[in-house]
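Heads up: the structure comes next, in structure tokens.
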Amino acid sequence: MSYISIDSQRERGKISKYIYGQFSEHLGHGIYDGLWVGPDSDIPNTNGIRNDVVSALRAINVPVLRWPGGCFADTYHWTDGIGPASTRKRIVNTSWGSVVENNHFGTHEYFELLKQLGADAYINGNLGSGTVQEMSEWVEYMTFNGTSPMADLRTANGHKDPWQVKFFGVGNESWGGGGNMRPEYYADLYRQYQTFINSYDADTPIYKIASGPNVDDYHWMDVLMKNAAPYMDGISLHHYALASAWEDKRPALDFPESEWFSLIKSAQKMDELITKHSTIMDKYDPQKRIGLIVDEWGSWLRAEKDTNPAFLYQQNTIRDAMIAAITLHIFQKHVDRVQMANIAQMVNVLQAMLLTNGTKLVKTPTYYVFKMFTKHQEAIAMDTFDNLSDTTSASVSKNADGYFISLCNFGLSAPDDITVDVDTAIKSVSGTVLRGLRMDDHNDFEHPDEVKSEEFSTTSFQPHQLKAQIPPMSVVTLQVNTNK
Ligand code: AHR
């Protein structure tokens, strides 16, 4: 049994829509075949970008897309990806399987994708193997309005108007694949590189993000904040949910009960990580100006059989839906610090929203959680009084019509009877449920609709109280209308 009490006066703060951000890297079939098929493909596309993928993603309100990596970002030289496709440099993707990268998806194609999605840009720059000049000129190429060498080059390549870059990351995982740096060294480099990331339009300054710690590396956070806090708007954090040790990735399907719970426990660690990193940030930034940007999160499982292990292609089950709901709830608990998060990764890689195979497309259970939670975007997170069962996670936000409640029962067999008290009179309630019957229920290309959201009607209410039974292995959302 669980209990939630909503007091209309107890607000935590606005839930940034950017918490629902996405990430796509030049990795496996994340970009090529997943998003980009090229204008000459038989797969229906608009300017090379798959129509089915865009249409599915528009329904989840993608607010921001991080690109081009990840690890790949610190090997990416942006000039390789501009100009006529036929003359673009073919490079080796040393980060992900040493396959040929033909650079057909570059800066122009990325902004075309953003336009089709209605999303903002989060570019991750190359600090690991790129120069200050290269990073600075990329920003000039994308954003300078007027005559300049890079703006002229952009115009010559077919785009006269500048684009807006909302977020810019300076290096990726600089403690590891991004250069194996010590935090003191990275802090100095960060200060240097960010100096030349010019915000040419004073009305839309670029939000600069430093490469933050790996999981629980609190020393990295402390050194960065101590030495570079005034120069950053955000600092990143990466944490993946693992069912076992990092070296022993567990299967996405056909797993034992113990791995249902170990994966969930690993995802729940996000709460501790954010709490502890925020405490360090508070020392140097008590006003909480600087955002903690969780720009890589999600489940990391074993790559599917008969796929290239370097492509990180994994199936996505109702367990992943639990991971998504639990983690999004944690972010909403920490709205004072978490200003953006980007699940890894949007299509065909790790905990994806969508899987594609030729002309086919599958929406994953994770996709449905993002779809069900869209009403949380830009709503006010409520500071509720909760007494939840050990296997229930919940979050409540306030919107123009009343309250939006999301619940996740990650127990395997018992439903959870929940009571919600509300200090304003309830006029109506509507609900949606995503539920599994087996631990590895999922959608595949032969059975694309095994797991999908449906109307949820097992609720009852009186003016100030609502009751519902949350099935095991389910995510439920309830819109509680108090105004009409
Ligand atoms: O998301 C896959 C990889 O995980 C990213 O490229 C890297 O930043 C992280 O280690």
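The values are calculated or read from the model by the stated rules, or taken from the named source; none is laboratory data. What you see is a predicted model; the values in this text were computed from it and never measured. Heads up, the Cβs are rebuilt from the backbone with ideal geometry, glycines too, and the neighbour counts pull from every protein chain shown. We work out accessible area using only protein heavy atoms, side chains counted, and drop any ligands, DNA or RNA first. Shrake-Rupley method; radii C 1.70, N 1.55, O 1.52, S 1.80 Å.
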Go through G169, P183, I197 and say which Cα lies farthest out towards the positive end of the charge dipole of region 164-218; charges sit on Cβ, +1 for Lys and Arg, -1 for Asp and Glu. I197
Helix 183-195 axis, angle to the chain major axis (alpha carbon atoms, nearest 10°): 70 degrees
For region 1-62, with only Lys/Arg (+1) and Asp/Glu (-1) charged at the beta-carbon, what is the dipole magnitude about the Cα centre, in debye rounded to 20? 460 debye
Flagged as over-length at 20 Å C-alpha distance, from K14/K269; K166/K208; K208/K269; K249/K371; K14/K467, the pairs are K14/K269; K208/K269; K249/K371; K14/K467
Please work out whether region 48-153 counts as rounded, prolate or oblate from its C-alpha gyration tensor, where a ≥ b ≥ c are the square roots of the eigenvalues and a/c under 1.5 means rounded, while otherwise a/b larger than b/c means prolate and anything else oblate? oblate
The percentage of the accessible area of region 128-265 (probe 1.4 Å, all protein chains present) made up of carbon and sulfur atoms, to the nearest whole number, is 49 percent
Tensor-based shape of region 256-309 (alpha-carbon gyration tensor, a/c under 1.5 rounded, otherwise prolate or oblate): oblate
Equivalent-ellipsoid semi-axes (√(5λ), Cα gyration tensor) for region 418-484, whole Å, largest first? 30, 12, 7
What chymotrypsin sites (Phe, Trp or Tyr not before Pro) in region 229-283 are in a loop by DSSP, with at most 15 other Cβ atoms within 10 Å of the Cβ? W246
Can you work out the accessible area per residue across region 103-195, with the rest of the protein chains kept in place, probe 1.4 Å, in square angstrom? 38 Å²
Which percent of the accessible heavy-atom area of region 398-444 goes to carbon and sulfur, probe 1.4 angstrom? 52 percent
Charge dipole of the chain built from unit charges on the beta carbon (Lys, Arg +1; Asp, Glu -1), centred at mean Cα; most positive-end Cα among L57, W67, P230 is P230
Could you tell me, in Å, what Rg and Dmax come out for the Cα atoms of region 329-472? 16.6, 52
Assigning unit charges at the beta carbon (Lys, Arg +1; Asp, Glu -1) and nothing else, what dipole magnitude in debye, to the nearest 20, does the chain show about its Cα centre? 660 debye
By average Cβ neighbour count within 10 Å, what is the ranking of 103-110, 196-203 from highest down? 103-110, 196-203
From the P(r) of region 202-256, can you give the percent of Cα pairs sitting at distances over 15 Å? 62 percent
A student asked for the Cα radius of gyration and Dmax of region 310-355 in angstrom ought to give 12.1, 36
Using packing as a proxy for protection, rank 437-443, 183-189, 330-336 so that the peptide with the highest average count of other Cβ atoms within 10 Å comes first. 330-336, 183-189, 437-443
Using each residue's phi in region 287-302, evaluate 6.51 cos²θ - 1.76 cosθ + 1.60 at θ = phi - 60° and report the 3J(HN,Hα) Karplus result to the nearest Hz, with x for Gly and Pro. 7, 6, 6, 7, x, 8, 10, 8, 8, 8, 8, x, 7, 10, 10, 6
Farthest positive-ward along the chain dipole, Cα basis, beta-carbon charges - from A310, T392, N443: T392
Residue by residue through region 85-90, the couplings from Karplus 6.51 cos²θ - 1.76 cosθ + 1.60 with θ = phi - 60°, in Hz, x for Gly and Pro, are 4, 5, 9, 6, 5, 9
Shape category assigned to region 113-259 from the gyration tensor of Cα positions, a/c cut at 1.5: oblate
Between the Cα axis of helix 218-228 and the main Cα principal axis of the chain, the angle (0 to 90°, nearest 10) is 50 degrees
For region 382-484, listing chymotrypsin sites (Phe, Trp or Tyr not before Pro) in a DSSP loop whose Cβ sees at most 16 other Cβ atoms within 10 Å gives F445
Before anything else, pin down the relative contact order of the chain: Cα pairs under 8 Å, at least 6 apart, normalised by residue count, whole percent. 19 percent
Report, in whole Å, the centroid distance computed from the Cα atoms of region 416-478 and region 109-176. 42 Å
Treat every Asp and Glu Cβ in region 334-484 as -1 and every Lys and Arg Cβ as +1, leave all other atoms uncharged, and give the resulting dipole magnitude about the Cα centre to the nearest 20 debye. 380 debye
Tilt relative to the chain, helix 132-143 - C-alpha long axis, 0 to 90 degrees, to 10: 70 degrees
Among 159-168, 371-380, what's the highest-first ranking by average C-beta atoms within 10 angstrom per residue? 371-380, 159-168
For region 200-254, what's the relative contact order in percent, using C-alpha pairs closer than 8 Å and at least 6 residues apart? 37 percent
Take the eigenvalues of the Cα gyration tensor for region 1-58, scale each by 5, and report the square roots as semi-axes in whole Å, largest first. 40, 12, 12
Over its alpha-carbon atoms, the chain yields an Rg and a Dmax in Å of 22.2, 67
Pick out, in residue order, every one of the GluC sites (Glu not before Pro) in region 393-461 that is DSSP loop and has at most 14 other C-beta atoms within 10 Å; say none if there are none. E446
